[in-house]
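Enquirer: Mind looking over this structure? Questions follow.
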Amino acid sequence: MFTGIDEVDWTSLQHAYGSAEDVPGWLRGLASADPAEREIALDRMYGAVHHQGDVYDSTLACVPFLFALAGSEEVPDRGDIVELLVSIGRESEGRAADGTYALAGSAVRTRAEVFAGLSGDTDAAVRGAAAGAVVRFGDEPVRVLGLLRERITVERDDRVLLALAESLGLFVRRHPGHAAEALELLVAQSAAPYGPGLRLAALGQLAGCAPDRLPSDLVPLAVRLLRERSARRPVRPEEAEDPGTDSLVGRLRRLRPSDEEGSQLLRTLHTALDDRVDDRIALLEGQLTCPDATDRCNAVWMSAGLMREWRADCAGLVALIGAQLGSPEDRLRDAAVSVLTDLFELAAPAADDLAALVSSRPGLWVRHWERGVPTLGGPLMALARSGDHRAVPMLAEVLAGPVVPGDLGQAVRHLGPDAAPLLPAVRRGLGETPLDSPETSARAVPLLSALVALGDAAPDDMSGGVGEALPEVLRLVRRVPVGLRSGDAYVSSVVRAVGVFGSAAREAVPVLRGLLDTEYASAAARALWEVEGDTTVVLPVLIRELACGEALRRGSAAEALSRMGAQARPAAEALRRLTRSGPPWERATAACALWRIAGDTESVLPALRTVWTESPHTRVTVAGCLVGMGTAGAPLRDLVESELSARRRHLALPGGYSSHDVWKDERLLRLCRAAPAGG
């Protein structure tokens, strides 16, 4: 297996973290009799030699040895090695211009005959991994299809049969001119007498490559097959609790669904159905009413993917997710909480279930971390983010305790005016915050954030209510010069809170003026404007900040200027320059400020159209500006109408998502509906 391995000059080769001198040890580790050593070796191969799909000269040098390992029956876990080879070869597709990738792809492709041999291996995991490799790297479609047909006839392992069905779908997509027989094989596998798992796999492949061949009763059929499969599903040894190693591969294995195969079957079907959202919702509702808790858990996570990507009426789906909160299965309940937390107001149909869980389990109100500041527990945060007033008394009890959750302000903000009863507890917490302690910032920042949120919810209530918290805030203001340091969240939070009180906070003016020559200049200038209303000191500072070298500071200055309206006209020309260069979000912020200051549609409208198209992340800002512009924004009405007619969420893009994407999209839709139609 390792003939010639010592003749390779590994020290001259590279992987993701430098010299490849350690690669021979990892290759030998793949053949170890110790499962932990094999897992660690595989982890190193994926983590360094094939890091995030990259291919290096050391990756290319490994290919012959990996094939030798895959072909040696005395080596355990050869299926993992075949999968690694397939991944290396797959990364070369579409990157022929890159020499290393092209060579690696060629090195795998020229050994396609090895995969053909491995498709009949004694190890089922090897046969399953080799099936797709034969299709991907074989260059004779007729022979490849014949091999798949033969393997389907003789194969008895259910998991390999699923891999063969997936390979047929891949064959249809790669060789459409030879697809007819492969499609007939899939259609046959989607019907009785084949087992429910294989039928689901075949339906998923047909949905992706020949939707016209799907049965008319697809959704009820798929739900019935899922239930039949789950009723027959044995508990496999790998589902037992196993601490494994602390390698990346080990951690990923422990994070897999307890029924990874079932999850993959339904995920494939959902992916193939894509924009058939009504069918997918019906399918998910069927999954969420399955007797098997694992099926319901998989459905919860798949529901999250659908709702993050598509705009649809999912109230019934959300209610069914809420129903899982009463499950005795920790994995299912935690999954439901996680998904509902990211839905914000769309979680309202599950609010009763959330409230029941939170009220019965006070231990879930706060989550303590091994490192870092405690945060609100998922169920309570989900209830608060949904805007449900029942979260308020529970948050008050949290504030009565010794812990201040770091994300308190986020919860309060989504409760709006209903959060007003929290003010006494917030004031008490601010008054009891130690001024010279390592815990000062960790306690004060979330309380100040909550106070600002309360002020935003009741901006005209400064004579009472939030206005009564001024002494507690001024107490913290006096500490600012002592605690000032770069990037101090405490300073930013105090300055932002001062602005809530307007002219009543004049005592804070000296501290604010002392910050005008620091990185907090824009925030301090904004607060000064809100307290004094005097442009003579504030304007020169903000215009200076517009010309600084940091985009975040320029954007902060533009936001501060926008609040000053026409009194900030001396900054108009600097803002016009910002609308023509810089990151899209900065141009959007500058354009919105320019409109509020100068009403300059000639500069603003083209800038807003450009950033809207260029970066979907700017659309909430732009839409908010269009609402303020009224009929003056009518030339951009086509953008608004196009957004309102789109079914896909504006941030549903490749490259992942953030926990606020659904909230941002729903806010965008509200703003678009509020934008005037124009004349």
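The values are calculated or read from the model by the stated rules, or taken from the named source; none is laboratory data. Being a predicted model, the structure only gives us computed values, none of them experimental. Because the Cβ atoms are built from the backbone with ideal geometry, glycine has one as well, and the counts that use them run over all protein chains shown. Quick note on the areas: whole protein, heavy atoms, side chains included, nothing else; ligands and nucleic acids left out. Shrake-Rupley method; radii C 1.70, N 1.55, O 1.52, S 1.80 Å.
Enquirer: From the residues Leu200, His178, Val219, which one has its Cα farthest along the dipole of the chain in the positive direction, the dipole being from +1 and -1 charges on Cβ of Lys/Arg and Asp/Glu about the Cα centre?
Expert: So the residue we want is Val219.
Enquirer: Another question, if that's okay. Compute the long axis of helix 218-232 from its Cα atoms, compare it with the longest principal axis of the Cα atoms of the chain, and write down the angle in degrees, 0 to 90, nearest 10.
Expert: Taking Cα atoms only, the helix is inclined about 70 degrees.
Enquirer: Scan around Leu376 for amide H atoms under 5 Å from its own, H built in the peptide plane at 1.01 Å from N, and keep only partners 5 or more places away or cross-chain.
Expert: Those lying under 5 Å, H to H, from Leu376 are Arg367, Gly406, Asp407.
Enquirer: Please list, by residue number, every one of the chymotrypsin sites (Phe, Trp or Tyr not before Pro) in segment 1-91 that is coil in DSSP and has at most 14 other beta-carbon atoms within 10 Å.
Expert: Phe2, Tyr17
Enquirer: Kindly sort Arg385, Arg427, Arg596 by accessible area of their heavy atoms, largest first, with the probe set to 1.4 Å. Spell out each step's value before the answer.
Expert: Numbers: Arg385 20, Arg427 65, Arg596 110 Å².
From most exposed to least exposed: Arg596, Arg427, Arg385.
Enquirer: Next up: Roughly to the nearest percent, how much of the accessible area of the chain is carbon and sulfur, given a 1.4 Å probe? Don't skip to the answer; put the middle values down first.
Expert: Values: 15330 of 29710 Å².
The value for the chain is 52 percent carbon and sulfur by accessible area.
Enquirer: Quote the accessible area belonging to Met1 in square angstrom, nearest 10, computed with a 1.4 Å probe and with ligands, DNA and RNA left uncounted.
Expert: 80 Å²
Enquirer: Can you tell me the alpha carbon radius of gyration of the chain divided by the globular rule-of-thumb value 2.2 N^0.38 Å?
Expert: 1.15
Enquirer: Determine how large the accessible area of Cys297 is when every protein chain is in place; take a 1.4 Å probe and give Å² rounded to the nearest 10.
Expert: Result for Cys297: roughly 10 Å² accessible.
Enquirer: Give the relative contact order (percent, whole number) for the chain; include only Cα pairs under 8 Å separated by 6+ residues.
Expert: Over the chain, the number comes to 6 percent.
Enquirer: Going by alpha carbons, how many degrees (0 to 90, nearest 10) lie between the helix axis of 619-629 and the longest principal axis of the chain?
Expert: 40 degrees
Enquirer: Still on this structure, I have one more. Which order do His50, His414 take by accessible area at a 1.4 Å probe, largest first?
Expert: Ranked from most to least accessible, the order is His414, His50.
Enquirer: Okay, moving on. How large is the dipole of the chain about the Cα centre if only Lys and Arg carry +1 and Asp and Glu carry -1, each at its Cβ, rounded to the nearest 20 debye?
Expert: 1900 debye
Enquirer: Right, something else. Explain nothing, just compute: Karplus ³J(HN,Hα) = 6.51 cos²θ - 1.76 cosθ + 1.60, θ = phi - 60°, for every residue of segment 590-597 in order, whole Hz, x for Gly and Pro.
Expert: Running phi through 6.51 cos²θ - 1.76 cosθ + 1.60 with θ = phi - 60° gives 5, 5, 5, 5, 4, 5, 5, 8 Hz.
Enquirer: Rounded, prolate or oblate for segment 1-107? Axes are the square roots of the Cα gyration tensor eigenvalues, ordered a ≥ b ≥ c, and the cut-off for rounded is a/c under 1.5.
Expert: Since a/c reaches 1.5 and a/b is larger than b/c, the shape of segment 1-107 is classed as prolate.
Enquirer: With n ≥ 4 as the cut-off for DSSP H runs, can you work out [θ] at 222 nm for the chain, using -39500 (n - 2.57) per run divided by the number of residues, rounded to the nearest 500? Write out the running numbers ahead of the final one.
Expert: Working: 37 runs with 420 residues, N = 679.
Using -39500 (n - 2.57) per qualifying helix, the result is -19000 deg cm²/dmol.
Enquirer: Could you tell me which of Ser72, Leu85, Tyr56 has its Cα farthest along the dipole of segment 44-96 towards the positive end, charges placed at Cβ (Lys, Arg +1; Asp, Glu -1), taken about the Cα centre?
Expert: Going by the charge dipole, the pick is Tyr56.
Enquirer: On to the next question. Any idea of the accessible area per residue across the chain, 1.4 Å probe, to the nearest Å²? All intermediate terms of the calculation are to be shown ahead of the outcome.
Expert: Details: 29710 Å² over 679 residues.
Heavy-atom SASA per residue in the chain reads 44 Å².
Enquirer: Where in segment 180-219 does the label zone of Ala231 land, with the point 7 angstrom along Cα→C-beta and an amide N cut-off under 14 Å?
Expert: Under 14 Å, as judged by backbone N against the label point of Ala231, lie 196-197 of segment 180-219.
Enquirer: Please give the solvent-accessible surface of Thr621 in Å², to the nearest 10, using a probe radius of 1.4 Å with every protein chain present.
Expert: Answer for Thr621: close to 60 Å² accessible.
Enquirer: Under the Karplus relation 6.51 cos²θ - 1.76 cosθ + 1.60, θ = phi - 60°, what is the ordered set of whole-Hz ³J(HN,Hα) values for segment 608-616, x standing for Gly and Pro?
Expert: Here the 3J(HN,Hα) series is 5, 5, 5, 6, 4, 6, 6, 9, x Hz.
Enquirer: So how much slack lies between Leu644 and Ala489, counting 0.36 nm per residue of separation and subtracting their Cα-Cα distance, in nm?
Expert: Going from the current span to full extension adds 52.1 nm.
Enquirer: On to the next question. Which of Gly409, Cys314, Gly429 sits closest to the plus end of the dipole of segment 308-431, meaning its Cα is farthest towards the positive end, when Lys and Arg get +1 and Asp and Glu get -1 on the C-beta?
Expert: Value computed over the given set: Gly429.
Enquirer: Further, regarding this structure: Sort His389, His178 from largest to smallest accessible area, using a 1.4 Å probe on the heavy atoms of the protein chains.
Expert: So, going from the largest accessible area down, we get His389, His178.
Enquirer: With θ set to phi - 60° and the Karplus curve 6.51 cos²θ - 1.76 cosθ + 1.60, what are the ³J(HN,Hα) couplings of segment 391-406 in order, to the nearest whole Hz, using x for Gly and Pro?
Expert: Each residue's phi maps through the Karplus curve to give 6, 5, x, 6, 5, 4, 5, 4, 5, 6, x, x, 10, 10, x, x Hz.
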